[in-house]
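Every number in this text was worked out from the coordinates using simple rules, so none of it is lab data. Note that this is a predicted model, so its numbers are computed, not measured. We place every Cβ from the backbone using ideal geometry, glycine too, and count neighbours over all the protein chains shown.
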Amino acid sequence: MIAQSPLLDDRIPAGPIQHKWSEHKAGIKLVNPANKRKYTVIVVGTGLAGGAAAATLAELGYNVLSFCIQDSPRRAHSVAAQGGINAAKNYQNDGDSVWRLFYDTIKGGDFRAREANVYRLAELSAGIIDQCVAAGVPFAREYGGTLANRSFGGAQVSRTFYARGQTGQQLLLGAYGALMRQVAAGRVSLFPRREMLELVQVEGRARGIICRNLVTGAIEKYAADAVCMATGGYSTVFYLSTNAVNCNATAIWRCYKQGALFANPCFTQIHPTCLPQSGEGQSKLTLMSESLRNDGRVWVPKQKGDARPPQEIPEAERDYFLERRYPAFGNLAPRDIASRAAKAVCDDGFGVGSTGYSVYLDFAEATERLGADVMRERYGNLFAMYHEITGENPYQRPMRIYPAPHYTMGGLWVDYNLMTTIPGLYALGEANFSDHGANRLGASALMQGLADGYFILPATIADYLADHRPDGLGTDHEAFTTAAATVEERTRHLLGVNGKQSVRDFHWELGRIMWEQVGMARNEKGLRQAITDIRTLRADYWRNVKVGSADTDLNKNLEFAGRVADFLELGELMARDALERVESCGGHFREEFQTADGEAVRDDPNFSHVAAWQHTAEDKVPTRHTEPLDFEYVELTQRSYK
Amino acid sequence: MKIEVKIWRQAGPTEPGALATYTVDDVLPDMSFLEMLDGLNEQLVARGERPVEFDSDCREGICGTCGLVINGAAHGPQQACTSCELRMRHFDDGATITVEPFRARGFPVVRDLVVDRSAFDRIMQQGGYISVNTGSAPDANAMPIAKEVADRAMDAAACIGCGACVAACPNGSASLFVGAKVAQLALLPQGDAERKRRAVAMVQQMDAEGFGNCSNHAECEAACPKSISVDHIARLRSEYRKGAWAALRRNEKRNDQR
Ligand SMILES: Cc1cc2nc3c(=O)[nH]c(=O)nc-3n(C[C@H](O)[C@H](O)[C@H](O)COP(=O)(O)OP(=O)(O)OC[C@H]3O[C@@H](n4cnc5c(N)ncnc54)[C@H](O)[C@@H]3O)c2cc1C
Ligand code: FES
């Protein structure tokens, strides 16, 4: 029996799953339209989740303050999403439905997400596409003028909508446009080039934030009636990942340290088709769209250390390891499975490339079958990008790929209303933990970000605001002064260390530990080692880091230094969470728990729950709380992609 | 590889700036241009000097955050390539490379290679959207849009808002940036209702921000990392003419009624 923590009231409405959201919405308290403008809501983040939320809240009449790190909201990391966005429109008449999308998401997440949340997500998905089309998002279309779809990430129906390879960009520009319209209407104030460095609570409620102005270095205070975190994921804890270099965990980490519970931190997704690492100076790994796996065959030489160029290795001497191990799904096996298989062959010494850490993705067979022109039409952009980055021509020799950290399913714990355990503090998009369980399906993050931002938060926040009337709280309240002083002290401390090692060196080392021990395959010994190593590294950081120039105005190295300090704490929590979850599920693969063929083995009786961590004190082990997951509508099965 | 870089250093918007010369050793041909600069900054930090400030985020050519003038060309020598995508293998060992910020009246320098492009947001605020509130949209397939039209709208929508067009233009014009958005929304039926107002309002804001006029140099298209076509500027002109004409007529009518 899994204990229900009293801190974790999920507030899931009663009733049949199909009616929960509509009935819940009907029961939500409303804020009088004339009063809405008296409420101020802070939205940190301008990606799909934050951009959509800020615009919609403003349309409803709230006074919104919108913050982001970039110089413009349009550059939030959502812009980089390539492949597409799922929605249960069933435009292809191939048997899709809200129910099927719900089921696929629950199963894809390896039964570690809440049924009610996931059902709502599937239910809202169709409306997202309507909204985006109305806003002018140029989705791909058929000759007849209707919207085109493709199948994605192993789904058996075609439910993915896309705009060339730039779906995230186009969706974000849609949300950004809506946001700009509200700025022009005077209902949104924009604060770009700001980094939130502290959450301000007054009488146990989230009432504001402290930011650093990244141009002037000024520490700024902002007060509000509610605060929303839409600050994205934390894959950059691994240093090298597919995420943008400014992605960070600082905002949600501050909230965690202020008492918001952090759920399933160890649930991370490693994407199988990324460009391999080439050298020490590398700053990020580039994702190659997963669609390549539709026509590419993954292989390594059968002979260890075979140095021949790939074209010269005969068929019989190649190991198409995905096809061999997963005959039914072959090269289209789910992300976690494909990633682990690639790492395993490389760890065993079969990898290719200068580092031995990559595998071939070969298009020769598809090119022969379909012709070079079709390949160019399908993948021209991707091939060109690969060519530019690696200097190798994929029309002539197979690509080399390797898995890379890509997405974090974990995040701030939220209830059905997207509220964290701190009243008035909400989390949406990748920053929360809610809908993807232990593994996210391709094209579902964009869907979740927009569902949260356009539809869920703007409805649920009223329930809270209606009970908490504006009280004229200003930033002169002492809570703001204290929080600002904490931020200033932390900055002084960082600049004051003035040691010998660069911020990047520490981040690199943390990334190495995380990748080796808290990456796609984990075990007890490695995780314990990781905890010790991270603690040592963290202690060293505060003795030995060199931020360089002590300037407190525009100083990007100082920004990075603050983020790495937080990653050095988060990394430990991830390892701890992975250690305590004594089972394998989705992206969390514990080597001790696998079948003879290397499949994840879950432990449902003991671990069918959300693990949410509560910060206690600096350098103390945090408290682990559990929220049991009940499955009323789907039957728990073992995932099998054989 | 060993590279010599001459980099624009400027302490603030109103401070004078100058090129400073640095040597970067151990540059690998597969490194991106920005990774080469990262390496330089590591050296500067180790020496206790102030690192060179430059903007970047996605480092894969889609967010539009990076933007350097490299050897006199916005985003450097490669066609259809952002500064972050540019690889060092396109330079010779021992080469000297000049690196400057995007320069234009509409883009004041913040520090070193970082410029202020907030004018682009303000232009967008004047109409770079379709006015539709969340929740009021009809079914997405209710209005068919021919594939060619959707494709052309997508060609225009591919703009990443980096500002290379402005930096490359002898007049510092933002016409390609504005044209791309106006064209995208003019092509799509959803954007029709606001067409006339949009073009005029966005152009007026562009002028107010200090961007120059377009005199058909087409340097913008050549510098654009997404190869956005100058045809969109032609469409901007036509949309603007129609919009300005309609505004004139509206004013006349109003005057008649007085
Ligand atoms: C290369 C790549 C491709 C992807 N492709 C797909 C795909 O095809 N389909 C799909 O569904 N998903 C995809 N994903 C995942 C998806 O893009 C993200 O999960 C999603 O966009 C996250 O959106 P978000 O709004 O939660 O956060 P983000 O878009 O990451 O936005 C975060 C925002 O928070 C701000 N911020 C962060 N910290 C602070 C702070 N301390 N102070 C102030 N502001 C802060 C940032 O400035 C930014 O505005 C992809 C991800 C990557 C990396
Ligand atoms: S950093 Fe995003 S386009 Fe260059």
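The trypsin sites (Lys or Arg not before Pro) of the stretch A:284-390 meeting both criteria, a DSSP state outside H, G, I, E and B (loop) and at most 16 other C-beta atoms within 10 angstrom of the site's C-beta, are A:K302, A:K304. In this simple spin-label model, placing a label point 7 Å from the Cα along the Cα-to-Cβ direction at both A:L7 and B:A218 gives a separation of 6.5 nm.
Under 18 Å of direct C-alpha separation, and excluding same-chain neighbours fewer than eight residues apart, A:K20 reaches these lysines: A:K29. The mean count of C-beta atoms from other chains within 10 Å of the C-beta of residues in B:122-128, rounded to a whole number, is 6. Each label was represented as a point 7 Å from its Cα along the Cα-to-Cβ direction; for A:A328 and A:D603 these points are 2.7 nm apart. When the label point is put 7 Å from the Cα of B:A11 along its Cα-to-beta-carbon vector, which residues of the stretch B:102-117 have a backbone N closer than 19 Å? Once the point is set 7 Å along Cα→Cβ of B:A11, B:109-115 turn out to lie under 19 Å by backbone N, inside the stretch B:102-117. For the stretch B:1-60, applying the loop criterion from DSSP together with a ceiling of 11 other beta carbons within 10 Å to the trypsin sites (Lys or Arg not before Pro) yields B:K2, B:R47.
The angle separating the long axis of helix A:48-60 from the principal Cα axis of greatest extent in chain A is about 40 degrees.
Among the GluC sites (Glu not before Pro) within the stretch A:175-245, those in coil by DSSP and having at most 10 neighbouring Cβ atoms inside 10 Å are A:E203.
Restricting the calculation to alpha carbons of chain A gives Rg and Dmax of 23.8, 75 angstrom. Computed from label points 7 Å out along Cα-Cβ, the spacing between A:Q529 and B:D151 is 5.4 nm.
Ranking of A:L573, B:L185 by neighbouring Cβ atoms within 10 Å, starting from the fewest: A:L573, B:L185. The charge dipole of the stretch A:1-143, taken about its Cα centre with unit charges on the Cβ atoms of Lys, Arg (+1), Asp and Glu (-1) only, comes to about 480 debye. Normalised by 2.2 N^0.38 Å, where N counts its residues, the alpha-carbon radius of gyration of the stretch A:486-607 equals 1.30. Listed cross-link partners A:K89/B:K226; A:K284/A:K556; A:K107/A:K343; A:K107/A:K525; A:K221/B:K226; A:K284/A:K343 are compared with a 27 Å cut-off, the Cα-Cα value being larger for A:K89/B:K226; A:K107/A:K525; A:K221/B:K226. A dipole drawn for the stretch A:166-247 from +1 and -1 charges on Cβ atoms has a positive end, and of A:Y176, A:F238, A:C228 the residue lying farthest that way is A:Y176. If you plug the beta carbon distance of A:K25 and A:V374 into 1/(1 + (r/R0)^6) with R0 = 45 Å, you get a FRET efficiency near 0.45. Shielding of peptide A:178-184 by partners, expressed as the average count of other chain Cβ atoms within 10 Å per residue Cβ, is 6.
In the protein assembly as shown, the DSSP-assigned H stretches of four residues or longer account for a calculated mean residue ellipticity at 222 nm of -11500 deg cm²/dmol, using -39500 (n - 2.57) per stretch and the full residue count as denominator. Quick check: net charge around A:E59, other residues with Cβ under 14 Å of its Cβ, Lys/Arg +1 and Asp/Glu -1? Result for the local shell: +4.
Of A:T421, A:A218, A:Q18, which is farthest on the positive side of the dipole of chain A, counting Cα position, with +1 on Lys and Arg Cβ, -1 on Asp and Glu Cβ, and the Cα centre as origin? Result: A:A218, furthest along the dipole toward the positive end. Taking the centroid of alpha carbons for each part, the stretch B:68-112 and the stretch A:237-288 are 28 Å apart. Counting Cα-Cα pairs of the stretch A:325-455 in 10 Å increments starting at 0 gives whole-percent bin shares of 10, 27, 29, 20, 11, 2.
Once the Cα atoms of helix A:524-544 and of chain A are each reduced to a long axis, what angle between those two axes, in degrees from 0 to 90 to the nearest 10, is obtained? For A:524-544 against chain A, the angle is about 60 degrees. When +1 charges are put on Lys and Arg Cβ atoms and -1 charges on Asp and Glu Cβ atoms, the dipole computed for chain B relative to its Cα centre reaches about 1640 debye.
Assign one of three labels to the stretch B:128-258, namely rounded, prolate or oblate, based on the Cα gyration tensor with a ≥ b ≥ c the square roots of its eigenvalues; rounded applies when a/c is under 1.5, prolate when it is not and a/b is larger than b/c, and oblate otherwise. Oblate, since a/c reaches 1.5 and b/c is not below a/b. A cut-off under 9 angstrom between Cβ atoms defines the neighbours of A:M385, and their net charge, with Lys, Arg +1 and Asp, Glu -1, is -3.
A cut-off of 5 Å between modelled amide H atoms, ignoring neighbours fewer than 5 places along the same chain, links A:A263 with A:G411, A:L412, A:W413, A:W613.
Local charge for A:Q448 was computed over the other residues whose Cβ lies under 11 Å away, with Lys and Arg +1 and Asp and Glu -1, and equals -1. Cross-link reach is defined here as a Cα-Cα straight distance under 14 Å, omitting same-chain residues fewer than 8 places apart; for A:K546 the aspartates and glutamates meeting it are A:D505, A:E559, B:E42, B:E49.
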